[in-house]
There are 2 protein chains.
Amino acid sequence: MKALQNKILTDGIVLSDTVLKVDTFLNHQMDPVLMKEIGEEFASRFEDAGITKILTIESSGIAPAIMTALKLNVEMVFARKRKSLTLQDGLITSKVYSFTKKEENEISVADKFIQEDDVILIIDDFLANGQAAFGLMDIVQKAGAKVGGIGIVIEKAFQDGGKQIRQSGVKVESLARIQSLSNGKVTFVEDKPTVEV
Amino acid sequence: MKALQNKILTDGIVLSDTVLKVDTFLNHQMDPVLMKEIGEEFASRFEDAGITKILTIESSGIAPAIMTALKLNVEMVFARKRKSLTLQDGLITSKVYSFTKKEENEISVADKFIQEDDVILIIDDFLANGQAAFGLMDIVQKAGAKVGGIGIVIEKAFQDGGKQIRQSGVKVESLARIQSLSNGKVTFVEDKPTVEV
């Protein structure tokens, strides 16, 4: 998605070979026009997947997810994230390890919001090691529903979450796939070097 | 806002005289069409306030806030909530006590996202004691910016946050104002008893 790539190039800050800061438009401050375009793009890429509901995880997934839900005309539910949950009835939970924060969180969704006949589109802002995506897929599976696909705003394609999920047979659509953050520079997977003839 | 009141009456669950559960459409599962209408309503109520940015707080404020931002064509920033923050440069922080969870959270916004010439519209899903709203107002004031108004999806008008904020001279627009949750029944402030002639 060109508008997103351009925004990453102009406003993203490469903090290290693995960390890209996009807090000016995606995960702290948010650009609503870009969020709407992202929602429309996800909706278009999954329009034939029979999606009945969007699932995301607080907090940065919510804006792209609500825009996608609006375009696909389905409801959205977001998983809550807690360090530890007191036991509560009616919740489906999964564990998610954050490599960035070096801590394990429990994520949860009220079981009444995912039915067995649901086809769920999972939306998230980032995909790196895939921990959050696997946790959300686990919740969908525990509910007996089907994962209809995964939509990611920015995929760090140099980490292997995307590869693992695709190998499991789930369709993953990432709007920007980053090949490398080396030398302080963002290179996208699509940036094929020009072949000289 | 009639569509919201109707949704509260059909889908809201009164858990006690002070607690209304709206997790089917506002703060766990979200209805994207209603969120869009809420955003349009906030935008219309504050269209002459010279708003330059929307400020909300994770997580349930994000969807109504991004829809409002889209309609007003300004950016949105959400405050992060943590039990305790390690000292970090570049953050404006405030303390918010949650009566529901009986704990104090620190909320924070990167200082680069609020400038002195900003006129901020604060959006949140609930207003009861006003703790979150006061925390967000505190952040705006610490940044040297101006609070242009506060937009609330559901105000518990029987608690005094709204009254306190209005007395301080800030315009508060609540799309549904609940007078009472007594006897398991939602009564709105607008529900004037019919006067017999």
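Coordinate-derived values only; no laboratory data. The structure displayed is predicted, hence computed values, not measured ones. Every residue, glycine as well, gets a Cβ built from its backbone with ideal geometry; the counts of neighbours run over all protein chains shown.
Counting alpha carbon pairs within less than 8 Å and at least 6 residues apart, what relative contact order, in whole percent, applies to region A:2-188?
Numbers: 380 pairs, mean separation 37.4, N = 187.
Result for region A:2-188 is 20 percent.
Taking the dipole about the Cα centre of the protein assembly as shown, with the C-beta of Lys and Arg at +1 and of Asp and Glu at -1, give me whichever of A:Gln88, A:Leu72, B:Phe188 is farthest to the positive side.
Highest projection toward the positive end goes to A:Gln88.
Can you give the angle from 0 to 90° between the axis of helix A:2-11 and the longest principal axis of chain A, with both taken from C-alpha atoms, to the nearest 10?
70 degrees
Taking Cα atoms, how many degrees apart are the long axis of helix B:62-72 and the longest axis of chain B, rounded to 10 and kept between 0 and 90?
80 degrees
Against the empirical 2.2 N^0.38 Å scaling, what ratio does the C-alpha Rg of region A:50-197 come to? Don't skip to the end; give the middle numbers.
On the way: Rg = 16.3 Å, N = 148, 2.2 N^0.38 = 14.7 Å.
For region A:50-197, the normalised Cα radius of gyration is 1.11.
Rounded to the nearest 5, what % of DSSP beta bridges with both residues in chain A are antiparallel? Walk me through the numbers on the way to the answer.
On the way: 15 of 37 bridges.
In chain A, approximately 40 percent of DSSP beta bridges are antiparallel ones.
Which residue fluctuates most in the GNM of chain A (Cα springs below 10 Å): A:Val19, A:Val119, A:Val96?
A:Val19
Say a site is exposed when it is one of the trypsin sites (Lys or Arg not before Pro), sits in a DSSP loop, and has at most 15 other Cβ atoms within 10 Å; what is then the longest site-free stretch of chain B?
Details: sites that count: B:Lys83, B:Lys101, B:Lys102, B:Lys171, B:Lys185.
With a cap of 15 other Cβ atoms within 10 Å, the longest stretch comes to B:1-82.
Per residue of B:108-115, count partner chain C-beta atoms within 10 Å of its C-beta, then hand back the mean as an integer. Could the numbers behind the result be given before it?
Numbers: counts 1, 2, 4, 0, 4, 4, 1, 0.
Across the residues of B:108-115, the mean count of other-chain Cβ atoms within 10 Å is 2.
With +1 assigned to the C-beta of every Lys and Arg and -1 to the C-beta of every Asp and Glu, and no other charges, what is the dipole magnitude of region B:93-141 about the Cα centre in debye, to the nearest 20?
260 debye
What pairs from A:Lys101/B:Lys71; A:Lys21/B:Lys156; A:Lys53/B:Lys71; A:Lys21/B:Lys101; A:Lys142/B:Lys36 go past 29 Å between their alpha carbons? Can you show the working numbers first?
Working: A:Lys101/B:Lys71 35 Å; A:Lys21/B:Lys156 38 Å; A:Lys53/B:Lys71 24 Å; A:Lys21/B:Lys101 32 Å; A:Lys142/B:Lys36 31 Å.
Beyond 29 Å between Cα atoms: A:Lys101/B:Lys71; A:Lys21/B:Lys156; A:Lys21/B:Lys101; A:Lys142/B:Lys36.
With charges only on Cβ, +1 for K and R and -1 for D and E, what is the dipole size of region A:2-188 about its Cα centre, in debye, rounded to 20?
420 debye
For region B:5-69 and region A:127-174, what is the separation of their C-alpha centers, rounded to whole Å?
Answer, in whole Å: 29.
Size of the protein assembly as shown along its principal axes in angstrom, Cα-based, largest extent first?
90, 50, 37
Given a 10 angstrom Cα cut-off, can you work out which residue in B:Leu26, B:Leu127, B:Leu91 is the most mobile in a GNM of chain B?
Answer for the Gaussian network model of chain B: B:Leu91.
How many nanometers, to one decimal and shortest first, lie between the label point of B:Ala3 and those of its other copies, if labels sit 7 Å from Cα toward Cβ?
With the label placed 7 Å along Cα→Cβ, B:Ala3 yields 2.2 nm.
Along its three principal axes, how long is region A:48-132 when you only count alpha carbons? Whole Å, largest extent first please.
Extents along the principal axes: 37, 30, 18 Å.
Quick one: dipole size for the protein assembly as shown, taken about the Cα centre, charges +1 on Lys/Arg Cβ and -1 on Asp/Glu Cβ, in debye to the nearest 20.
Numbers: 48 positive and 56 negative charges, 135 e Å.
Result for the protein assembly as shown is approximately 660 debye, rounded to the nearest 20.
Spin-label point model (7 Å from Cα, Cβ direction): what's the A:Asp111 to A:Asp11 distance in nm?
For A:Asp111 paired with A:Asp11, the spin-label model returns 4.1 nm.
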